[in-house]
Amino acid sequence: MSEPIRLGLVGATGLVGRRIMEELVGREDFRLAAIARREVKLPAGARMEMRLAPPEIWDEVISTIRPEVLICALGTTWNKAGHDEDAFREVDEKLVLQVAQAARDADCWHFIFVSSIGADALSRKLYLRVKGEVENALRKMRFKRLDIVRPGLIRGIRHGEVRPAEGLGAIASPLADLLLVGGYRRYRSISAHKLAQAILGIAREKAGGRFVHEHDALLRAAHRFEEPLLR
């Protein structure tokens, strides 16, 4: 049996990060070290490492765990940022790029960034513009492999966080998704469970390069992750 992949995760307290940890319970093909600023309850049966540290020293933590693959699922919201652009960029831009640079310095060869459908550095919407700017900055860092994940609405239960608009969107998404066909399929929603599987499927890829994954590609990656469990 081959050695498990040394996997790093930042953004472990969020919806996607939690689902990634849950998906890894009972699996031996990954050795996970998650980094967070506050304590998060690990899934039942989890055999993984959780490093608690302020973001100011995450670069030191990353240099210690030396992941082969690092998943960045960091992100805040406009409301959490107090409707302040600088505060929003502090997390969604500066902290993401700080983590990426630390990973690069630690010889991490594969970086996976959870972005958003519609990310565009020229967008009029701040959220999508910042995501697009970060994507462009990551491309310049020259990781041997860079994967940019662009989900639509992510369905799932967020612990201790209320997002009314997102909740209404999740309720309407089954019908709305049926109406999104052709080139609009990329805007379909995806469950946090399926997105986590897709990210972990991507984390096992060995080929170098730069890749962008939207809805249909994410479903294919999730299927690849499930395949070993079906044999």
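Each semi-axis of the equivalent ellipsoid for region 115-156 is √(5λ) with λ an eigenvalue of the Cα gyration tensor; in descending order they amount to 19, 15, 6 Å.
For the listed peptides 60-72, 135-147, a ranking on the average number of other beta carbons within 10 Å per residue, highest first, reads 60-72, 135-147.
Computed log10 I(q)/I(0) for the chain at 0.14 Å⁻¹: -0.89, from the Debye equation with unit scatterers placed on every C-alpha and solvent omitted. Suppose each label sits 7 Å from its Cα in the direction of the beta carbon; what would the Ala46-Glu205 distance come out to in nanometres? It is 2.6 nm.
Remark on region 54-132: hydrodynamic radius 13.3 angstrom, per the Kirkwood mean of 1/r across alpha carbon pairs. Listed peptides 12-25, 105-118 appear in the order 12-25, 105-118 once ranked by packing, highest mean of other Cβ atoms within 10 Å at the front. On full extension, the segment bounded by Glu85 and Ala217 gains 44.4 nm, given 0.36 nm per residue less the C-alpha separation. Listed by chain and number, the lysines whose alpha-carbon sits under 25 Å from that of Lys140, ignoring those within fewer than 8 places in the same chain, are Lys94, Lys125, Lys131, Lys206. Evaluated over the Cα positions of region 1-94, the convex hull gives a direction-averaged projected area, one quarter of its surface, of 6.4 nm².
A short reminder: the numbers here are calculations on the coordinates, not readings from a lab. Just so it is clear, the model here is predicted, and its values are computed rather than measured. All Cβ positions, even for glycine, are placed from backbone atoms using ideal geometry, and neighbour counts span all protein chains on display.
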